[in-house]
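S.K.: First the structure, which I've put down as structure tokens, then a few questions once you've had a look.
The values are calculated or read from the model by the stated rules, or taken from the named source; none is laboratory data. Keep in mind it's a predicted model, so treat the numbers as computed, not measured. Neighbour counts run over all protein chains shown; Cβ positions are idealised from the backbone, glycine included. Note: accessible area is taken over every heavy atom of the protein model, side chains too, but ligands, DNA and RNA are not part of it. Shrake-Rupley method; radii C 1.70, N 1.55, O 1.52, S 1.80 Å.
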Amino acid sequence: MCSHPTWGFATPTSPPTAAGANSPVFEPLTLGNGATLPNRIAKAAMEENMAAPGQLPGNELDTLYRRWSAGGAGLLISGNVMVHDAALTGPAGVVLDGDQPLEPFRRWAAAAKSGGSRVWMQINHPGRQVQANMPGVARAPSAKRLDVGKQSGLFAEPTAMTESQIRETIDRFAATARLAEEAGFDGVEIHAAHGYLLSQFLSPLSNLRTDEWGGSLDGRARLLVEVVRAVRAAVAPDFAVAVKLNSADFQRGGFEAADARRVIDMVAPLSVNLVELSGGSYESPAMSGSPDPSGDVRTRAREAYFLELATELAATSPIPLMLTGGITRLPVAEEVLGEGVAVVGMGSALAMDPDLPDAWRRDASAKVTIAPVTIKNKTIGSAMSMARVRSQLRRLGAGKATRPGANPWLAFAVDQVRQRIALRHYRRWLAAREGRR
């Protein structure tokens, strides 16, 4: 066990008492920008795919985030908000750019802060991780398609980004961050994990460029560094800027823990306030608890999937770290903090029980049990896991109780129907936008 004196970690020395209110999980955390998180529990980003008409946050997202804020998490990180209207991870994604009205985002931020939580907007660009039936663009560092076996044809053939497209993307991230601040969010998290665009540039498997945006890790990390620099310049010093980074992508020859350590050192001088560690991509969905069978055995069959790698990184990180992946019990959350991590991120657990943080305060043995989706096809299995989570988010957004035992096959089928309906709406919306330009 280790602790970091700068960030005030409390290493548990005995099992938690019946009530967990005195747990270090409930200690506040002051970040480098002076902002304080009420406790060390963060609702990690999940892809809700719950946009209202116009790719905007609506009543469902407001209700969902109000519910989470009432449940006791100190920080809520939104599902990814897209910086480019023609590049979405899914057809019901939220878009924030200069052509969008800000009032729906103001209502969303206010709802998320209504119970005392801080709220950060996760901002993202999918790159090549775009469905083949989506309109718009599929851009990537190199013209290399996703390889997910028999399902590869479900994803678009990407084109290699030009220099001007790279520069335009940097500007888009900065513009979205500035608008998030104007809308009342407390910070942004730049998504550079899970195989999305910035993660694609970081990986030597997807970035085959030979110019200044590829090659060595310094070149592959250049886009992330430039995005962070532009975002930091676009917002106030007390506005939080975080980065979500893979601790590893669990593919042979890919992005590894040693690379993550160097990237953390690269962004540290740019006033990044927190780095969230996760892992995997669509090709190796370790973030769903389903890493590639040929990958790192340390991520399997346990809570806190990436704790070993995070522990290694926390030992040298100049930035507070957040760990996300599979945490459902207070003793595990305390173990994470005891290993030098500053913030405990939870996604699926809070989708199933949004009151889990407050439950821990009353009873340290409170937990959420999430049955794994066990099918051989890792891509379909990951999609089914996410569909089951989204089904619970929709219930919460409708003001209903969750059903943790929901059938993943049924959730997946319903999700596919909803995606097709959302795709029709998105096609019309994007065509109308492009017609006005």
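S.K.: What is the number of the single condition among (1) closer than 26 Å to PRO38 by Cα; (2) touching a residue at least 60 places away in the same chain (Cβ under 8 Å) that ARG390 does not meet?
M.R.: The one condition ARG390 does not meet is (1).
S.K.: Kindly list the number of the only condition in (1) in contact (Cβ under 8 Å) with a residue 60 or more places away in the chain; (2) farther than 16 Å from ASN80 by Cα that fails for THR176.
M.R.: Failed condition: (2).
S.K.: How many residues does the range 335-361 contain that are of a type in the set (Val, Ile, Thr) and out of contact with any Lys or Arg (no Cβ under 6 Å at 6 or more places or on another chain)?
M.R.: Final tally of qualifying residues: 2.
S.K.: Quick one: would you say PRO104 is free of Cβ contacts under 8 Å to residues at least 60 places away in the same chain, more than 30 Å from LEU330 (Cβ to Cβ) and open to solvent by less than 10 Å² (accessible area, probe 1.4 Å)?
M.R.: Taking the combined requirement at face value, the residue does not satisfy it.
S.K.: Check GLN151, GLN129, GLN165 and return the single one that is in contact with a Phe, Trp or Tyr (Cβ under 6 Å, 6 or more places away or on another chain) and of a type outside the set (A, V, I, L, M, F, W, C).
M.R.: Matching residue, one of GLN151, GLN129, GLN165: GLN129.
S.K.: Quick one: which helices (runs of 4 or more DSSP H) sit completely within the range 343-437 and have at least 2 residues that are within 28 Å of GLY195 (Cβ to Cβ)?
M.R.: On the way: elements: 348-352, 356-362, 378-397, 408-435.
Output list reads 348-352, 378-397, 408-435.
S.K.: Quick one: how many residues across the range 310-324 are closer than 13 Å to SER278 by Cα and open to solvent by 10 Å² or more (accessible area, probe 1.4 Å)?
M.R.: Of the residues in that region, 2 qualify.
S.K.: Separate question: Quick test of your reading of the structure: THR169 fulfils all but one of (1) assigned to a helix (DSSP H, G or I); (2) open to solvent by 50 Å² or more (accessible area, probe 1.4 Å); (3) not aliphatic (A, V, I, L, M). Name the failing condition by number.
M.R.: Evaluating THR169 over (1) assigned to a helix (DSSP H, G or I); (2) open to solvent by 50 Å² or more (accessible area, probe 1.4 Å); (3) not aliphatic (A, V, I, L, M) leaves (2) as the failure.
S.K.: What are the residue pairs meeting all of these: first residue in the range 180-199, first residue farther than 26 Å from ALA260 by Cα, second residue of a type in the set (Phe, Trp, Tyr) and in a loop (DSSP other than H, G, I, E, B), Cβ atoms under 7 Å, and 6 or more apart or on different chains?
M.R.: Correct list of pairs: GLU181/PHE239.
S.K.: Something else now. Are any of the residues in the range 203-210 under 21 Å from ASN273 (Cα atoms), in contact with a strand residue (DSSP E or B) (Cβ under 9 Å, 6 or more places away or on another chain) and at pLDDT 95 or above?
M.R.: no
S.K.: Here's a follow-up. Pick out the one residue from ALA260, ALA242 that is open to solvent by less than 10 Å² (accessible area, probe 1.4 Å), of a type in the set (A, V, I, L, M, F, W, C) and modelled with pLDDT of 95 or more. First the steps, then the outcome.
M.R.: Working: ALA260 fails: modelled with pLDDT of 95 or more.
Only one candidate passes the filter, namely ALA242.
S.K.: One residue is enough: does the range 128-147 have a residue meeting the conditions modelled with pLDDT under 95, open to solvent by less than 20 Å² (accessible area, probe 1.4 Å), over 20 Å from LEU61 (Cβ atoms) and over 17 Å from the mean Cα position of the chain (by Cα)?
M.R.: There is at least one residue in the range 128-147 that is modelled with pLDDT under 95, open to solvent by less than 20 Å² (accessible area, probe 1.4 Å), over 20 Å from LEU61 (Cβ atoms) and over 17 Å from the mean Cα position of the chain (by Cα).
S.K.: Within the range 381-437, how many residues turn out to be surrounded by 12 or more Cβ atoms within 10 Å (Cβ to Cβ), among the charged types (D, E, K, R), modelled with pLDDT of 95 or more and farther than 19 Å from GLY90 by Cα?
M.R.: Adding up the residues that qualify gives 1.
S.K.: Scan (1) modelled with pLDDT under 95; (2) open to solvent by 10 Å² or more (accessible area, probe 1.4 Å); (3) assigned to a loop (DSSP other than H, G, I, E, B) for the single condition THR6 breaks and write down its number.
M.R.: Every listed condition holds for THR6 apart from (3).
S.K.: Out of contact with any Leu (no Cβ under 8 Å at 6 or more places or on another chain), free of Cβ contacts under 8 Å to residues at least 60 places away in the same chain, under 30 Å from ARG329 (Cα atoms) and among the hydrophobic types (A, V, I, L, M, F, W, C), is that true of LEU76?
M.R.: Yes, satisfied.
S.K.: Within the set of pairs 6+ apart or on separate chains, which have a first residue in the range 247-273 that is among the aromatic types (Phe, Trp, Tyr), a second that is modelled with pLDDT of 95 or more, and C-beta atoms under 6 Å apart?
M.R.: PHE255/LEU202
S.K.: Within the range 329-339, take every residue that is surrounded by fewer than 24 Cβ atoms within 10 Å (Cβ to Cβ) and in contact with a Leu (Cβ under 8 Å, 6 or more places away or on another chain) and give me the one that is farthest from ASN22 (Cα to Cα). Give the derivation first.
M.R.: Pass one, the range 329-339, residues surrounded by fewer than 24 Cβ atoms within 10 Å (Cβ to Cβ): 329, 331-332, 334-335, 338-339.
Right, trim to in contact with a Leu (Cβ under 8 Å, 6 or more places away or on another chain) and you get 335, 339.
Details: GLU335: 15, GLU339: 18 Å.
Out of the qualifying residues, it is GLU339.
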